[in-house]
Amino acid sequence: MVDALECFAPLPLQEGFDNAGLQVGLTETEVSGVLLCLDVTEKVVKEAVELGCNLIVSHHPLIFHALKRISDKDTVQRTVMLAIENKVTIVSMHTNFDNAFKGVNFKIAEKMGLVDCHFFAPKVMGGIDCGGGVIGNFSKAIKARDFICLLKKTFRVDCLQSNELLKRKIKKVAICGGAGAFLLEEAIKAGADAFITGEMRYNEYFGQEQVIQIAVIGHYQSEQFTTEIFKSIILEKYPKVKTYITKVNTNPIIYL
């Protein structure tokens, strides 16, 4: 099962800082069921156990930095302990899925109804063509305010951050889910009317008024549909395996 995910988005596509792949457990164990999530927490592991799943596939790695011990000191260590105690294997597919063709950013574009989608900052990793961001077009240009409303509805965002609303209509949209501000300039060079990402720093908004519509929808919100990609890949090759998308909202940020 893990092979199917890695075939879609090979691990060599992950960035150098990343830790995608096996996190906890054994990959050769027969799968009783798989739970798909964005983040792995103690609640998610407990949910997997209750559902009879011995495999969790997450987008964000549970173990991002090296662990020097396994104790009850913090949430990561406790989650690792809980998974081991219940013989639950955890595998993460992170920036390899961000960079893959038909990966995370293509899913965001699909949800928005964009067409003619392709990488706007293409690169080659491990001999494979890939890219960190996707650009596409609306079939018909829309007003900036309608664009913002579309994002709030599509991604179930209570509020989002944007710069000054464009006075022209928006047709070409560049996307980089998660922390994608590093591609803002590339999006402008590609002729995008708007740029969507999950998070940006304060100073990065300056100087872009009427140049490009910036829309920051939240890290979790931008990548929430990644589990749908996992599910389609798994069920295509293993249609009889019990596959669930977590019901646990792991977003640590709330809007008050």
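Taken as a whole, segment 70-77 holds no residue that is open to solvent by less than 60 Å² (accessible area, probe 1.4 Å), out of contact with any Pro (no Cβ under 6 Å at 6 or more places or on another chain) and touching a residue at least 24 places away in the same chain (Cβ under 8 Å).
Yes or no, residue by residue, for (1) aliphatic (A, V, I, L, M); (2) surrounded by 22 or more Cβ atoms within 10 Å (Cβ to Cβ); (3) in contact with a Ser or Thr (Cβ under 8 Å, 6 or more places away or on another chain); (4) at positive phi:
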residue: Ser58; (1), (2), (3), (4): no, yes, yes, no
residue: Leu67; (1), (2), (3), (4): yes, no, no, no
residue: Ala83; (1), (2), (3), (4): yes, yes, yes, no
residue: Lys87; (1), (2), (3), (4): no, no, yes, yes
residue: Phe97; (1), (2), (3), (4): no, yes, yes, no
residue: Lys102; (1), (2), (3), (4): no, no, no, yes
residue: Ile108; (1), (2), (3), (4): yes, yes, yes, no
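Of the numbered criteria (1) buried (at least 18 other Cβ atoms within 10 Å of the Cβ); (2) modelled with pLDDT under 95, the one Val91 fails is (2). Here segment 236-256 is the region considered, the condition is being open to solvent by less than 60 Å² (accessible area, probe 1.4 Å) and of a type outside the set (S, T, N, Q), and the residue that is farthest from Lys143 (Cα to Cα) is Val241. All but one of (1) open to solvent by less than 70 Å² (accessible area, probe 1.4 Å); (2) under 27 Å from Leu38 (Cβ atoms) hold for Ala141; state the number of the condition that does not hold. Result: Ala141 fails condition (2) only. Residue count for segment 153-166 satisfying the condition of being surrounded by 13 or more Cβ atoms within 10 Å (Cβ to Cβ), within 17 Å of the chain's Cα centre (by Cα) and either on the phi > 0 side of the Ramachandran plot or not in a loop (DSSP other than H, G, I, E, B) (or both): 1.
Contact annotation: residue pairs with Cβ atoms under 9 Å, 6 or more positions apart or on different chains, pairing a residue in segment 104-129 that is in contact (Cβ under 8 Å) with a residue 12 or more places away in the chain with a partner that is polar (S, T, N, Q) and open to solvent by 70 Å² or more (accessible area, probe 1.4 Å), are Gly113/Ser139; Leu114/Ser139; Val115/Ser139. Filtering Lys152, Lys172, Lys111, Lys167 for residues that are closer than 30 Å to Cys53 by Cβ, modelled with pLDDT of 95 or more and not hydrophobic (A, V, I, L, M, F, W, C) leaves a single hit, Lys111.
Scanning segment 180-209 for residues that are free of Cβ contacts under 8 Å to residues at least 60 places away in the same chain and open to solvent by 60 Å² or more (accessible area, probe 1.4 Å) yields a total of 9.
Of everything in segment 214-234 that is touching a strand residue (DSSP E or B) at 6+ places or on another chain (Cβ under 6 Å) and farther than 24 Å from Leu150 by Cα, the residue that is surrounded by the fewest Cβ atoms within 10 Å (Cβ to Cβ) is Lys231.
The values are calculated or read from the model by the stated rules, or taken from the named source; none is laboratory data. What you are looking at is a predicted structure, and each value in this text was computed from that prediction instead of being measured. Cβ sites come from the backbone with ideal geometry, for glycine too, and all protein chains shown count toward neighbours. When the accessible area is computed, the model is the full protein with side chains, heavy atoms only, and any ligands, DNA or RNA have been set aside. Shrake-Rupley method; radii C 1.70, N 1.55, O 1.52, S 1.80 Å.
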